[in-house]
Amino acid sequence: MEQALNLYLSEAQLNLNNQNYGKAYAFFLLVLKLNPNIKPQIKEDFSQAWKMWCQELYQLNRPNDLFSLYEQGCEAYMESEALHLYMGCCLHQMNMKFEAAGMFRRALLINKDSHEAFVNLENACRGLVDSWHFAMLNDTKRNKIFNNAIRVTLESMDWDDCILDIGSGTGLLGMFAVKNGAAKVHCCEISEVMHSVAEECIEVNDLDEQIVAIHADSAKLSVGSDTETQIPERAALVISEIVDAGLLGEGIVDALDHAWKNLLLPSRNGGTVLPHSATVYCALVESEAIFKKHTVVSAQCLKNILVTSGVGHDVGKSKCDMDIEQNLPFLKTTCDIEPYTSERLKNIPHKMLSEPSKLFDINFTDPAMLHRIASGQHMPISVDFHNLCDGNVDGIVLWFRLYLDADHKHVINTECGSNFCWDQAVYPVRSYAVASNDEKSKVVIENRLSIQASDILRAHFSVHVDRFQLESIDKLSFEMQCSKTYPQILSAMLTKETEITEDFLHVVIPEVQVSRCNDTGYSDLYVKAVCQHVASNHLPVLDVSNGLDCMSLKICTSLPDTVQVTKHCQTAKIRESYEQIANKNNINNIAFSDADTVVSRTPKFDMILSDIIEPSGLISPNALSMIAESKAFLKSGGIIVPNKVSVQVQCINSSDLLNKCMVTSDKNTLDLKIAQSINHFRVSVHSDLNMHSLDYTSLSNSANGLIFTLNSDDNLQDQNHSVVCKIVTTGTVHAILFWFVINVMDEDCIDTSELNNHWQQAAYILPETNQIAVQQGDEVVISTTCHNDMLLFSISKFG
C-alpha cells in the first residue's frame, strides 16, 4: 500500500505542477483515502488543487460539480478556513449571497480574526437585508399600533378564521395575530433571506404550529392544499404593510388587488384588510440641498449641456406635455427614471413654502378602486397650494396617514416631523419657460421656480399602480397664467438664454455624482494642483476618478494650452457621456479610455488624479488598487493627487445609529424574539451618515486613525495603525465614527466632515462584546486596519 500511496502522491504533485488541477485533486483524494494521517503533510497542496479546480468549474459553469467538490473538500478538511472562504467567494460571484454568507461565517468560526472572511461576510450581507428592516423593527410605537389594531380587528372575527400576512418579512405581524388569538396564520414573503429569517423567528417563538411561512410572491398564491404556494381557504383577513415613503412603491395595490380577487373572502362575507385606508398629503418645499442633489448648477465646462440626476425625468404623454417635448427636444430620454427620491426631511436644511394639501384618499377595502389603479384606469388628480411663502420651489414633499382600522383609531403618520421609521417622498422640481424668437428657433430660460405669497400653484399627478407621478405644475398667478413647470429637475447650466436645437445635450447621472459636480471647492483644488505642477506645454495627466464629474473638464477648459488629460472611464456609458460633453464644448485636450481600452504601460503621465473617497463616506471600491496599478504609468518625478488621505476616528455613543443597523432589543418587538435571527445579517460598516443630523454623543476627541501616503511605496491595501484617544464624556462606546482629511496638495486640504461638501460620513458599529464603558479622563486605543479597501476598527482601554 505504501508503494501505491507514493505513486498516487507523485501523480498528484506532477499534475498540480502541470496545472491539471482536476486530476491532481482526484489523486490527492486517493492519497487521503489510503492514509488519512497524511492530511497535515499535504494540506497546502490539496488546498491549492481544490481551489484551482473550483475556479475552473466555476468558469465552465458547472455549479453542481462545484457543490460536490465542496462537500468532498469538507470531508477531507472541514477545519480548513480557506476551503469555506473560497467557496463563499465562488457563491458570491454566482450572486448566491445568502449561501456565500454562510460560508464566510464558517470560516470565521474557524478563525475569528480572519480579516478576509470578515470583509467578505460584510460584502455578502450588504443588501441581503435592507437597512430599513432594522429601523422598522426598532420602531416600538409603530409595533404597538399594529399590535393593538390587530387585536381589535380579531375581536370581531372567529378564532379559527384564516389569516394571511402578505410581505411578512420577519413574520412580526403574523406573530402579533397569533398572540392576539388567531388559530392559524399564513405568512407570505418573496425574499429568500427574509423567509429564512421568518422561519427561524417563528420557531424560536414556539409558534411553528400556528404559523405557516410561505416563500413566494403573493401573486402566485392560490386557494387549495396541493402545493406549498396554496392556502387552505380564502382568508377572512389580509395583513400587509408593504408601503414605502411614497405609499405605493412596494406594490401594495397589486398585492391587495390580487388578494381580493383570489385569496380573500368577499367583504359581504366578512373579508377585510389591515390597513384599512390611507390619506396622502403633500406640500411645497425649498431646499438647496435637494436642488444640488438633482441639478448641476452653472458650470463653464458644461456650457449648453443639461446634467441631471435620474430622478423624475419622465415628462409624460398628455397633450400639454407633447407641446413641451416639441419645444424642448433635449428633455427626451430613454433612461430608466425614478419618480421620486426619499429623504428624512427634518435632517436636511429646508423651508416649507405651503401648508399641507390633501392629494389622495385610497381605501384598501374597496376592490373596485384597487382594480382601477392596478389596471391603469384611475383618473389624473390635481392639488392646489394656497397661502404660500415667498421662496423657490425645489420640490414637492409627500407623506401619508395610514389608517389601520375603519374608525381611524390606530394611525401611523409619516409627516415631516414624525418619529416613525418612514422617510418622506420628495419630487424635485425645475422650472422652464419657452419663448419663440422667430419661427425657427426656441429659447429656454432656466430658473428655480420662484413663488410669492399671492401665487396659487396647481400640481398635476397621474396615479399608477406603484406611484403617484408628478406630471406638471401650473402657476396660476395673474402675471403668469399660462406658465407651466415640469418635474424634470433639468439642470442649471442655462444661466440666461440659450438657443435650442435638436441635438442639445442632456446627460443623466446618479444623484451622488450630481452632488459631486456641484462641489466646486473640491474640483477647484484639483485644478489648482495641476496649475502648480505645470512645467511645460501639454502636461500629461491621467484621471482615474469614478463616474462623471467636472474635474477633468474644468482642468481642460482652464488650461487648454498646457495640459493633455486622459480620463479613464469605468464603463463605456460614462465614456460616451464624457465624449459627448467634450465634443459639444470643443474640448480638444482630453482623451478617454475605459475597461475595454488597451493602454500602454510605458510611463507617460506627470500626474494621476484620483478620488479615493466616495460620496457615501467610504473608500471607493478598488481605488487603492487602481492607484497602485496606475503608478506604472507615472514618469520619473510624477505625482499622485491627492498626496495624502488621513482617516479621522472618534468614539461615539448613539442609540440612533444602533437602531439603523441592528435590532437592539426584543423589547422593541414587544418581547417577540427576533433580534438574534435578523442580526445575523447586520453589517458593521454603516455609510451615508450625516454626522450633523445624527443623534449621538462624542465620547472622545477625534484623532488620525490611519494615513495613506499615496506617493510613497507603502502597500496601500494592507495597513494598520493604533492611536491613543482621550475620553471627554462618560458613556458606552457604541461605534467608531470616521471621516477623512484629504490633502490634495500639502497645503490644500478638504475635511469630508464639513458642511456644504458632497461627502457623507460613516461609522463602524462595534460588536456588543467590544462596546466598552468609559469614564471621562480615560484613555483608549483605537486600532484601524485597511483590508481590501474596507476599514476595520477595534478599541481597548489604554494600559
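The values are calculated or read from the model by the stated rules, or taken from the named source; none is laboratory data. Values in this document were obtained by computation on a predicted structure and should not be read as measured data. Reconstructed Cβ throughout: ideal geometry from the backbone, glycine too, with neighbour counts over all protein chains shown. These area figures cover heavy atoms from the full protein model, side chains too; ligands, DNA and RNA do not enter into them. Shrake-Rupley method; radii C 1.70, N 1.55, O 1.52, S 1.80 Å.
Loop sites here are chymotrypsin sites (Phe, Trp or Tyr not before Pro) outside DSSP states H, G, I, E and B with no more than 10 other Cβ atoms within 10 Å. The longest part of the chain free of them is 479-799.
Extending 7 Å from the Cα toward the beta-carbon at both C74 and S10 defines two label points whose distance is 3.6 nm.
With unit charges on the beta carbon (Lys/Arg positive, Asp/Glu negative), name the residue among V253, Q532, T170 whose Cα is farthest towards the positive pole of the charge dipole of the chain. Selected residue: Q532. Basic side chains Lys and Arg get +1 at the Cβ, acidic Asp and Glu get -1 at the Cβ, and with that the dipole of the chain about its Cα centre reaches some 680 debye. With a cap of 15 neighbouring Cβ atoms within 10 Å, and only residues DSSP puts in a loop, list the GluC sites (Glu not before Pro) found in the range 1-58. Taking the range 1-58 and a limit of 15 other Cβ atoms within 10 Å, no loop GluC sites (Glu not before Pro) are found. Shown is the FRET efficiency for A406 and A591, computed with R0 = 51 Å from the Cβ-Cβ distance and rounded to the nearest 0.05: 0.15. Label separation (W132 vs Q55): 4.1 nm, computed from points 7 Å beyond Cα along the C-beta direction.
Between D160 and I772, full extension at 0.36 nm per residue minus the direct alpha carbon distance yields a gain of 215.4 nm.
Would you mind checking which residues have amide H under 5 Å from S342's amide H? H placed 1.01 Å from N; only 5 or more apart, or other chain. For S342, the qualifying residues are V426. Farthest towards the positive end of the charge dipole of the chain, among the residues L694, H758, S222, is the Cα of H758, using unit charges on the Cβ of Lys, Arg, Asp and Glu.
For the range 67-130, the set of GluC sites (Glu not before Pro) satisfying both a DSSP loop assignment and a count of at most 15 other C-beta atoms within 10 Å is given as E79. Around the amide H of L539, modelled in the peptide plane, lie the amide H atoms of V563, Q564, all under 5 Å away and 5 or more residues distant in sequence or on another chain. For K573, the aspartates and glutamates whose Cα falls under 20 Å of its own Cα, not counting residues fewer than eight places away in the same chain, are D336, E338, D503, E511, D543, D549, D594, D596, D611, E614. The fraction of Cα-Cα pairs per 5 angstrom bin, counted from 0 for the range 589-715, comes to 2, 8, 13, 16, 13, 12, 10, 9, 7, 6, 3, 2, 1, 0 percent, rounded to whole percents.
Calculated mean residue ellipticity, 222 nm, the chain: -9000 deg cm²/dmol, from DSSP H runs (n ≥ 4) at -39500 (n - 2.57) each, averaged per residue and rounded to 500. For the range 165-220, the Cα gyration tensor yields ellipsoid semi-axes of 17, 12, 8 Å (square root of five times each eigenvalue, largest first, whole Å). Antiparallel beta bridges, as assigned by DSSP with both residues in the chain, represent about 70 percent of the total such bridges.
Taking every alpha-carbon pair within the chain, the share separated by more than 34 Å comes to 61 percent. Amide hydrogen proximity for L237: with H placed 1.01 Å from N in the peptide plane, the residues at 5 or more positions away or on another chain lying under 5 Å are L164, T272. Think of the chain as having a plus end and a minus end, set by charges on the Cβ of Lys, Arg, Asp and Glu; of L302, N363, V649, L302 sits farthest toward the positive end of this dipole. With the whole protein complex present, R151 retains an accessible surface near 90 Å², based on a 1.4 Å probe.
Listed by chain and number, the lysines whose alpha-carbon sits under 26 Å from that of K97, ignoring those within fewer than 8 places in the same chain, are K51, K112, K220, K660, K673. Count charges around C531 for me, please; just the other residues with Cβ under 12 Å from its Cβ, Lys/Arg as +1, Asp/Glu as -1. With Lys, Arg at +1 and Asp, Glu at -1, the net is 0.
Enumerate the lysines that K644 could reach by cross-link, defined here as Cα to Cα under 24 Å, with residues fewer than 8 away along the same chain left out. Hits, sequence-local ones excluded: K528, K554, K567, K604, K631, K635.
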